[in-house]
Amino acid sequence: MLEHNNHIDESLSMAPSGTLQPQEWTPELIQQEIDALKDKPGAILPILHAIQDRFGYIPEAAVPIIAEALRHTRAEVHGIISFYHHFRTHPAGSHVVHVCRAEACQAVGSRQLEAHIKNKLSVDYHQTSRDNEFTLEPVYCLGNCACGPSIRVDDTIHGRVTADKFDRLVDRLTTSTLEVK
Amino acid sequence: MTVTVYVPCDTTALALGADDVASLIEREAESRQLDLKLVRNGSRGLFWLEPLIEVDTPEGRVAYGPVDPSDVAELADAGLFEGERAHALAHGLTGEIPYLKNQQRLTFSRIGLTDPLSIDDYRAHRGFAGLEEALTMATQAIVDEVKNSGLRGRGGAAFPTGIKWQTVHDEPEGQKYIVCNADEGDSGTFADRLVMECDPYMLIEGMTIAGLAVGATQGYIYLRSEYPIAHRMFNEALKRAYNAGYLGNDILGSGRHFDLEVRLGAGAYICGEETSLLDSLEGKRGMVRAKPPLPAIKGLFGRPTVVNNVLSLAAVPFIIDQGAQAYANYGMGKSRGTLALQLAGNVKQGGLVELAFGTTLRELMEGFGGGTLSGRPLKAVQVGGPLGAYLPESQWDSPIDYEGFAAFGGVVGHGGVVMFDDTVDMGEQARFAMEFCSVESCGKCTPCRIGAVRGVEVIDRIRAGENADANLELLSDLCETMVDGSLCAMGGMTPFPVQSVMQHFPNDLTRQQA
């Protein structure tokens, strides 16, 4: 008999997350996310996370809705969104690749890896590849510093990444459909 | 007979294929018709051996690693399930591996032993003993224990934790907060992540004790969004702690009250600075506040607030359970207890090393780390994150303690140690320090906001050989201005790595000029 980790929730599955499939936003759905969280103290970050998690980005049209619900000005809301690197105001590609640029990864060749990745995907940071498959973002530390260079693809972190390993990963993500377990 | 096999589930083990290893082990056990109990434990922090799998034997747990998915079938044939030790990947009893055995683990004593989410496992290793003790103590007595332990903030600033608690304790009754700074943004650090992924109840327990000590009923953990696994694990641990009565309105039937919530940051390094973190939690841009007023008096939403690092709070359950003296017995001078050192970068045997203050960098990098991963000579080591100085070989033999390091311009910080071999271009590293600050500055004060941008430009000119001497002098002035004129440690310390390169590796900075 196999005894699985039956005490760990399904939501805790450590399996790599697949393609992001954000939902189409509507003002009503945005309002729904706001209403669920707006009574928390300091609610705006949780609200922005909820919107981005659900729709893949924070649509411009969300700004006045949030502003009204939280009694902020639109400028304040815009200022908050633009302050944080995590929030994006345009849809990302099917996969988001975060490349660690911090010192521990630099010490094991991340500068060369960065160059390779940009070249392979034909994009610079904050850009999405023409086929809409990959958005490239820099990140300053994924906490995997003893086994760098590290990248994060969607929610999965990969360690000791080489140019070859990255190419294989890209091939797998672009050619196979997501395996549903 | 049931065979128990452990496969870690922290970020690093997973990043190296632990999930695949786990499912292949299940498959092998099935084909051998073995009754397998697969436990997803936390990591021991021996990252050079991850995925490090263990098998229960009558003598203890036997370790194998690093196990690539492609090794599993061969390992099973070589007697993995029987704990055979002949295979090249076998390391004998886990507890006897020198890297682990030679540590002094107080805070991380449970890490990797237990299933991180199992409250029973946690309790079996003295978990919640500190909280149970704290529930019987007067608030002042708890604060006194923490004071007497000599614990200083492990986030970097090293302020005495007990004094901070005393200030909040002495404020008039009313809403007070415990805020845990889990924005572990420094390169080379992963100890906070390990606590949250591998021993989360320890942090819950530490924060609850802090709440009892100062009269706070609400705690927030400000966690960086770069740690998705820590987020999932910790939220699940919170849910279970509530269900088991360790949190909420009536902690273990005592009538005492403490609530905890995780809040995600959004990728801003500056939010690791305590006042920026508070602004961010309040729902603003994470901009630095001028001090005073101190957060202990006027913190989150203007109320008295304890802001502590994960490791500071994680040290508390041990201190309350075993007594202040048991903790203070470790360490040297005014640096008491143990430090979670994190060996990273170009290192052969990277990972978490918990040791009493007073060890040397050389012992750490050579004794534990085994030198560089590349096998080339070590050239420089950056201690204390991206704002820490790069230390040359002449400084590797100083004992690690806060005062000793400060005396030569070193920074202990959060305990991150990043090693570089002799292929590193220190001029590039100096430039990167300024570039990082220009990306991550909150923008509130001019020396940091403008200084960092100008710093990149001046270094570029020096490296291009343009008026190198005059520009070096300018860079030196700029660094002084940033150190003296910045509002917080971001701008105030960004020059440290740059100045250390100017001082110890000057040729790297100017070598572009032929």
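The values are calculated or read from the model by the stated rules, or taken from the named source; none is laboratory data. All of these numbers come straight from a predicted model, not from anything done at the bench. Positions of Cβ are generated from backbone atoms using ideal geometry, with glycine treated the same way; all protein chains shown enter the neighbour counts. Surface accessibility is based on the protein's heavy atoms, side chains included, excluding ligands, DNA and RNA. Shrake-Rupley method; radii C 1.70, N 1.55, O 1.52, S 1.80 Å.
Among the helices (runs of 4 or more DSSP H) confined to the stretch B:1-102, the ones with at least 1 residues that are closer than 19 Å to B:Lys348 by Cα and of a type outside the set (Gly, Ala, Ser) are located at B:11-15, B:98-101. Going residue by residue through the stretch B:181-193, is there one that turns out to be more than 14 Å from chain A (Cβ to nearest Cβ) and closer than 28 Å to B:Gln325 by Cβ? The answer is yes, given that some residue of the stretch B:181-193 is more than 14 Å from chain A (Cβ to nearest Cβ) and closer than 28 Å to B:Gln325 by Cβ.
Taking the stretch B:79-89 as the range and being hydrophobic (A, V, I, L, M, F, W, C), open to solvent by 20 Å² or more (accessible area, probe 1.4 Å) and in contact (Cβ under 8 Å) with a residue 12 or more places away in the chain as the test, only B:Leu89 passes.
Within the set A:Gly143, A:Gly93, the sole residue that is in a loop (DSSP other than H, G, I, E, B) and over 13 Å from the mean Cα position of the chain (by Cα) turns out to be A:Gly143. If the condition is being within 14 Å of chain A (Cβ to nearest Cβ), in a helix (DSSP H, G or I) and either in contact (Cβ under 8 Å) with a residue 40 or more places away in the chain or polar (S, T, N, Q) (or both), then the stretch B:113-146 contributes B:Ile119, B:Tyr122.
When the stretch A:25-40 is limited to residues that are part of a loop (DSSP other than H, G, I, E, B) and open to solvent by 60 Å² or more (accessible area, probe 1.4 Å), the one that is nearest to the other protein chains (Cβ to nearest Cβ) turns out to be A:Lys40. Scan the stretch B:473-495 and give yes if some residue there is over 30 Å from B:Gly150 (Cα atoms), open to solvent by 20 Å² or more (accessible area, probe 1.4 Å) and touching a His at 6+ places or on another chain (Cβ under 9 Å), otherwise no. Checked the stretch B:473-495: no residue is over 30 Å from B:Gly150 (Cα atoms), open to solvent by 20 Å² or more (accessible area, probe 1.4 Å) and touching a His at 6+ places or on another chain (Cβ under 9 Å).
Residues checked against (1) in contact with a Leu (Cβ under 7 Å, 6 or more places away or on another chain); (2) small (Gly, Ala, Ser); (3) more than 9 Å from chain A (Cβ to nearest Cβ); (4) touching a residue at least 12 places away in the same chain (Cβ under 8 Å):
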{"site": "B:Ala266", "(1), (2), (3), (4)": "yes, yes, no, yes"}
{"site": "B:Arg285", "(1), (2), (3), (4)": "no, no, no, yes"}
{"site": "B:Pro293", "(1), (2), (3), (4)": "no, no, yes, no"}
{"site": "B:Ala315", "(1), (2), (3), (4)": "yes, yes, yes, yes"}
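Restricting the stretch B:330-346 to residues that are among the hydroxyl-bearing types (Ser, Thr, Tyr) and buried (at least 23 other Cβ atoms within 10 Å of the Cβ), the residue that is nearest to B:Gly375 (Cα to Cα) is B:Thr338.
Report yes if some residue within the stretch B:196-211 is within 11 Å of another protein chain (Cβ to nearest Cβ), within 24 Å of the chain's Cα centre (by Cα) and buried (at least 24 other Cβ atoms within 10 Å of the Cβ); otherwise report no. Yes, there is a match, as at least one residue in the stretch B:196-211 is within 11 Å of another protein chain (Cβ to nearest Cβ), within 24 Å of the chain's Cα centre (by Cα) and buried (at least 24 other Cβ atoms within 10 Å of the Cβ). Within the span defined as the stretch A:94-117, every residue fails to be in contact with a Gly (Cβ under 6 Å, 6 or more places away or on another chain) and more than 10 Å from chain B (Cβ to nearest Cβ). For the stretch B:347-363, filtering for residues that are within 14 Å of chain A (Cβ to nearest Cβ) and open to solvent by less than 10 Å² (accessible area, probe 1.4 Å) leaves 5. Of the residues making up the stretch B:385-404, those that are in contact with a helix residue (DSSP H, G or I) (Cβ under 8 Å, 6 or more places away or on another chain) and either assigned to a strand (DSSP E or B) or at positive phi (or both) are B:Tyr390, B:Leu391.
Within the stretch B:230-246, residues that are within 13 Å of chain A (Cβ to nearest Cβ) have Cβ atoms under 6 Å from residues that are surrounded by 15 or more Cβ atoms within 10 Å (Cβ to Cβ) and acidic (Asp, Glu) in these pairs: B:Ala230/B:Glu197; B:Met233/B:Glu197, counting only partners at least 6 apart in sequence or on another chain.
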